Amino acid sequence: MNTTKQTKIVLIDDHKLFREGVKRILEFEPSFNVAAEGDDGTSASALVKEHQPDVVLMDINMPNMNGIQATSDLVRHFPDTNVIILSIHDDESYVTHALKTGAQGYLLKEMDSDALIEAIKVVSDGGSYLHPKVTHNLVQEYRRLAQENSSNISESGIEYRKPLHLLTRRECEVLQLLADGNSNRSVAETLFISEKTVKNHVSNILQKMNVNDRTQAVVQAIRKGWVEVMQ
């Protein structure tokens, strides 16, 4: 009797030829069972609800609803389902966005069959898997940011700490000046920009930090260590 644990898989990709190729590879693995296929992110929830897969292979670029949106929806409604993103993009911004959304894996479509099989096995066991090329790019970006963050002095001579994963360099400067108690006019004079530009920066800061006013922004920034507090 075959007691091999079956890993149930749902495959979602709008390119039928690619989907068929992936399915053929998976069918050679005795422990894999491709339970269903979909060609659009909008079909993901219904397929997962019906088949309750262990792993969802999700294309990132699809019409109507892309893979990131579909993954976010699945993670919210089916937290036990593990998603592996399939993508042609090796840019770290795509990868970090996918991981923040809740994906457990990220594979480039240039992958070989061994990488695909290994990724599914690792993710179905609760682990995470990134394509080696993607991992390399993330490490390089981390090193770049680490070097960039080694100095907290801007060209304007303003000392600040950089939440550059969220704010631009100029917005970091504005946030620090707000923490120092500066008015919009004072910020404008310090940075040699207009008050209107300062207001735009403040508006962007509030939106990105998801706060209602500058006081909340400063308090949150102090708690996170994003600004130097005047003694």
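The values are calculated or read from the model by the stated rules, or taken from the named source; none is laboratory data. No experiment lies behind these values; they were computed from the predicted model shown. All Cβ positions, even for glycine, are placed from backbone atoms using ideal geometry, and neighbour counts span all protein chains on display. For the accessible areas, the whole protein counts, side chains as well, though only heavy atoms, and no ligand, DNA or RNA atoms are used. Shrake-Rupley method; radii C 1.70, N 1.55, O 1.52, S 1.80 Å.
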Of TYR142, TYR129, the only residue that is among the hydroxyl-bearing types (Ser, Thr, Tyr), modelled with pLDDT of 85 or more and within 19 Å of the chain's Cα centre (by Cα) is TYR129
Residues of segment 194-222 being in a helix (DSSP H, G or I) and without any contact (Cβ under 8 Å) to a residue 24 or more places away in the chain, in sequence order, are GLU195, LYS196, THR197, LYS199, ASN200, SER203, LEU206, GLN207, THR215, GLN216, VAL219, GLN220
Exactly one of ALA70, ALA115, ALA119, ALA98 is open to solvent by 10 Å² or more (accessible area, probe 1.4 Å) and either assigned to a helix (DSSP H, G or I) or closer than 22 Å to GLY21 by Cβ (or both), and that one is ALA115
Would you confirm whether or not segment 185-193 contains a residue that is closer than 28 Å to LYS100 by Cβ, modelled with pLDDT of 90 or more, in a helix (DSSP H, G or I) and touching a helix residue (DSSP H, G or I) at 6+ places or on another chain (Cβ under 9 Å)? no
Subset of segment 169-178, residues open to solvent by 30 Å² or more (accessible area, probe 1.4 Å) and touching a residue at least 24 places away in the same chain (Cβ under 8 Å), comes to ARG170
For segment 73-95, the count of residues that are assigned to a helix (DSSP H, G or I) and in contact (Cβ under 8 Å) with a residue 40 or more places away in the chain equals 2
